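Report on the following structure.
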Amino acid sequence: MKISVVIPAFNEEKYIGSCLKSINNQEIKADEVIVVDNNCTDRTKSIAEKMGATVIKEKKQGMISARNRGFESAKYEIIARCDADVIVTENWVKKIKQNFENKDIDALSGPIIYHDSFLKSASILPSYLYLESLRAISKGNRYLLGPNMAIRKSIWQKVKKFVNLDDAKVHEDLDLSLNIIKIGGKIGYDNSLAVNAS
């Protein structure tokens, strides 16, 4: 099983180096790392290239367009996605691969620790409560968190024509989740697949 990591980025020179360092330091390496340059005017592209990522350009501004470009460019069967301000744990890729050994899982998410929020929380509780509240109102379905998710390329091929393309109208991760659920896909959740985010 091979894995592509996709990181949408718009002027992320402050964070992209730390993000890529955490991805490069994985116990099990990703098979490719793609940074989507969404019209950056800072050093994001040069930092990403220096750290060994493949940088591709998406001219249409917005998270959805950048994500979709990255997903379409990904070569491998599992596409992991995180935000440019995320620091992943050293076993993030390993845990994603372990979860996808379960053939019933079409997509996967885990919690986020907001390490520099005003709450100064080192807890997964805020993201956990958010996801559980969604689950409670949706007949038990799981949802994806954009900064920490993975999806089978095969399920992406099935839902990509249905996803909303307007960032102003939807939260892209919830919209993607709803489209996966709509076609009968299953979203998994791994409580130990935590990432740190700004």
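The values are calculated or read from the model by the stated rules, or taken from the named source; none is laboratory data. These numbers were taken from a predicted model, which means no experiment stands behind them. Glycine gets a Cβ as well: all are built from the backbone with ideal geometry, and neighbour counts include every protein chain shown. Protein only, heavy atoms only, side chains kept; ligands, DNA and RNA dropped before computing areas. Shrake-Rupley method; radii C 1.70, N 1.55, O 1.52, S 1.80 Å.
Residue-by-condition table, conditions (1) in contact with a Pro (Cβ under 9 Å, 6 or more places away or on another chain); (2) of a type in the set (Asp, Glu):
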site: Met63; (1), (2): yes, no
site: Asn68; (1), (2): no, no
site: Ala74; (1), (2): no, no
site: Glu77; (1), (2): no, yes
site: Arg81; (1), (2): yes, no
site: Lys94; (1), (2): no, no
site: Asn99; (1), (2): no, no
site: Asn102; (1), (2): no, no
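On the given criteria, is Ile87 outside any loop (DSSP other than H, G, I, E, B), open to solvent by 20 Å² or more (accessible area, probe 1.4 Å) and of a type outside the set (Asp, Glu)?
Taking the combined requirement at face value, the residue satisfies it.
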Original post:
If Val36 passes every condition in (1) over 19 Å from Asn191 (Cβ atoms); (2) open to solvent by less than 10 Å² (accessible area, probe 1.4 Å); (3) part of a helix (DSSP H, G or I); (4) not polar (S, T, N, Q) but one, which one does it miss?
Top reply: (3)
**OP:** Tell me which residues, restricted to the range 14-33, are part of a helix (DSSP H, G or I) and open to solvent by less than 70 Å² (accessible area, probe 1.4 Å).
**Re:** Ile16, Gly17, Ser18, Cys19, Leu20, Ser22, Ile23, Asn24
**OP:** Identify, by number, the condition in (1) at pLDDT 95 or above; (2) surrounded by fewer than 20 Cβ atoms within 10 Å (Cβ to Cβ) that Thr44 doesn't meet.
**Re:** (2)
Original post:
Would a scan of the range 64-73 turn up a residue that is touching a residue at least 24 places away in the same chain (Cβ under 8 Å) and either outside any helix (DSSP H, G or I) or farther than 26 Å from Gln157 by Cα (or both)?
Top reply: no
**OP:** Could you list all residues from the range 173-191 that are open to solvent by 20 Å² or more (accessible area, probe 1.4 Å) and farther than 12 Å from Asn148 by Cβ?
**Re:** Leu174, Asp175, Leu178, Ile181, Lys182, Ile183, Gly184, Lys186
